[in-house]
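Taking it in order: structure first as structure tokens, then the write-up.
The values are calculated or read from the model by the stated rules, or taken from the named source; none is laboratory data. Remember, it's a predicted structure, so these values are computed and weren't measured experimentally. Positions of Cβ are generated from backbone atoms using ideal geometry, with glycine treated the same way; all protein chains shown enter the neighbour counts. Only protein heavy atoms, including side chains, enter the accessible area calculation; ligands, DNA and RNA are left aside. Shrake-Rupley method; radii C 1.70, N 1.55, O 1.52, S 1.80 Å.
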Amino acid sequence: MSVRTPDPYPGWLSEDDLHEARNRLPMVYVEAVPVRLDPLGYVNEIGLLLQADEDGSMIRTLVSGRVLYRETIRAALLRHIEKDLGPLAFPLLPISPVPFTVAEYFPAPSQTSFTDERQHAVALVYIVPVTGECSPRQDALELTWMTPQEVLSPGVQAEFDGGRGELVRQALAYAGIASQ
């Protein structure tokens, strides 16, 4: 039984076809680390989604989703931010669709620290400032804004699944915030 919300825009693949494709091909994803900036442009808060995993355990995660056939990276980012944070999040998409990192997920532990039991996925990962009112949607239970220090704490890092805590550490390092 899946606890995930069905994608309202399935990208022309049925659930069976998607399952078959996931077993044969790497899937392309975008992930966004939503942030709030201070007046000088420094990251002062990171938005983390709280959701239940397949076992009912609570985990922290990021805005994430597939890039659909014939969809631009920018359009995929905007669609997933709106889907996960609401239509009033007002994201400031990057001028250039160059990610700060690329994460490669595998169904089992591998040479990367990223896992996704469903598939082999390649995710383009972005830091995206948001300026509007955010409210969790779809399968997220809540959106929590935390300071960089709170996000880097061992307790919060332990709440991430699939290596996403490492992505947040990389995002903060990219933004000039050193890990403790």
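Scan the range 12-40 for residues that are over 16 Å from P148 (Cα atoms), of a type in the set (D, E, K, R) and not in a strand (DSSP E or B) and jot them down.
Those that are over 16 Å from P148 (Cα atoms), of a type in the set (D, E, K, R) and not in a strand (DSSP E or B): E15, D16, D17, E20, R22, R24.
What about E117, is it out of contact with any strand residue (DSSP E or B) (no Cβ under 9 Å at 6 or more places or on another chain) and touching a residue at least 24 places away in the same chain (Cβ under 8 Å)?
Values: out of contact with any strand residue (DSSP E or B) (no Cβ under 9 Å at 6 or more places or on another chain): yes; touching a residue at least 24 places away in the same chain (Cβ under 8 Å): no.
Answer is no for this residue.
If G162 passes every condition in (1) touching an Asp or Glu at 6+ places or on another chain (Cβ under 9 Å); (2) open to solvent by 40 Å² or more (accessible area, probe 1.4 Å); (3) more than 20 Å from E45 (Cα to Cα); (4) not in a strand (DSSP E or B) but one, which one does it miss?
(2)
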